[in-house]
Amino acid sequence: MPFQLQQFLTLLWLLVLGKFTGYIYLSWSDIVLTLMVTTVLAHLFIYVHDKKVNFFSFSALSTAIGVMLMMATQHLWIVFVVIALGVGQKYLFKCEDKHLFNPSNFALIIGLVLFYTQAHIVLGQLGEALWLQIVVMLLASAILLRVQRWLIPLVFTSSYLLLESMLVVASDPLMIFEMLLQRFYAVSFLLFILFMLTDPVTTPSTWKRQLVFATSIALMATLLDYYVGFRVQHLFLSLFFNTFIFRLFECVQNHFFTTTEKVKAAIALVLVLGVMIYIEFQVPYYFNMY
């Protein structure tokens, strides 16, 4: 079974379980319609780019499910727009025939930029059931071992807990370690760690770079929490920035950059930083899942 199909079936199964047992706000008809629209858009992008369609894009459907599980909005058309941007950017921002951004993460971040007051990142849609957490970890383990990305969630989790404890919890008298652990109770947070952090295309392949990659994401998220405030979007912003930086570093190592390409890379870096700064200047929001 292709990896993309395995990942899609895994996420689809988790979406179905979450719909029955969690707090997923989209109706069944909205979910089906979103997957249908994503299928059409993804293969339209493939045709425009390759002038033919010779494969089925299961990865695009995985991107759509990731957005549905991590983003809350009252407008279904916003879901369509951010998914289209997340899938479409794979054909715009490329190096060595590999995209520079994690598609689901890109979609969520651009959703915050374009629709900050109407679309929000949430980690409560799958609930906090222990049995579902175990199911997620078992299903994810089968994929992580196959694509050799199991080190990333282990290093990220340990370094994130350590850094948050040393910087955020230790410096804020109102913050206790149990508040930090509450994030790990959310099944969607496990989904972020086990699936979004470990995208094989946009993560390093060697264990040394995986170690640095995971630690860098934890460090940047912690520093943002320390200087700005404890906000869930910092995890996604850190992934957004570090994915771009590590992919760009790999391209620089493996590919001779012309002056034009260097200018484009510099402009892209400025835009990435601009996106992050814009989001950080917005008024924070908080959700309870009922």
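Summary table below
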quantity: Candidates V187, V147, V136: whichever shows maximal mean-square fluctuation once the chain is modelled as a Gaussian network with Cα springs under 10 Å; calculated: V147
quantity: Full-stretch length increase - K52, I267 - with 0.36 nm per residue and alpha-carbon distance subtracted; calculated: 74.3 nm
quantity: Accessible-area composition of the chain, carbon plus sulfur, in percent [1.4 Å probe]; calculated: 70
quantity: Exposure rank, largest accessible area first [H99, H49, H234; 1.4 Å]; calculated: H49, H99, H234
quantity: Separation between Cα centres of the range 30-59 and the range 67-96, rounded to whole Å; calculated: 13
quantity: Helical mean residue ellipticity (222 nm; -39500 (n - 2.57) per DSSP H run of 4+; nearest 500) of the chain; calculated: -21500 deg cm²/dmol
quantity: Separation of the L44 and L5 label points, Cα + 7 Å toward Cβ, nm; calculated: 2.7
quantity: Low-density loop positions, trypsin sites (Lys or Arg not before Pro), the range 15-55 - DSSP coil, at most 13 other Cβ in 10 Å; calculated: K51, K52
quantity: Stretch gain in nm, segment F177-Q148, where the contour uses 0.36 nm per residue and the Cα spacing is subtracted; calculated: 7.3 nm
quantity: Sequence of S29, S238 from largest to smallest accessible area, 1.4 Å probe; calculated: S29, S238
quantity: C-alpha center-to-center spacing [the range 175-193, the range 117-170] in angstrom; calculated: 8
quantity: Descending Cα extents along the principal axes, the range 42-84, whole Å; calculated: 35, 16, 10
quantity: Among the listed pairs K94/K264; K19/K90; K90/K208, those beyond 19 Å (Cα-Cα); calculated: K19/K90; K90/K208
quantity: Average accessible area per residue (Å²) across the range 66-190 - probe 1.4 Å, nucleic acids and ligands excluded; calculated: 43
quantity: Over 19 Å [Cα-Cα, the range 190-290], rounded percent; calculated: 50
quantity: Of the DSSP H helices in the chain, those whose Cα atoms cover at least 15 Å axially and whose Kyte score averages 1.6 or more; calculated: 58-70, 76-88, 103-114, 130-147, 151-163
quantity: Radius ratio Rg over Rh of the chain, counting only Cα atoms, Kirkwood formula for Rh; calculated: 0.94
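The values are calculated or read from the model by the stated rules, or taken from the named source; none is laboratory data. Source: prediction; values computed, not measured. Ideal geometry is used to build each Cβ from the backbone, glycine not excepted, and the neighbour counts take in all protein chains shown. The area values use the complete protein model at the heavy-atom level, side chains included, leaving out ligands, DNA and RNA. Shrake-Rupley method; radii C 1.70, N 1.55, O 1.52, S 1.80 Å.
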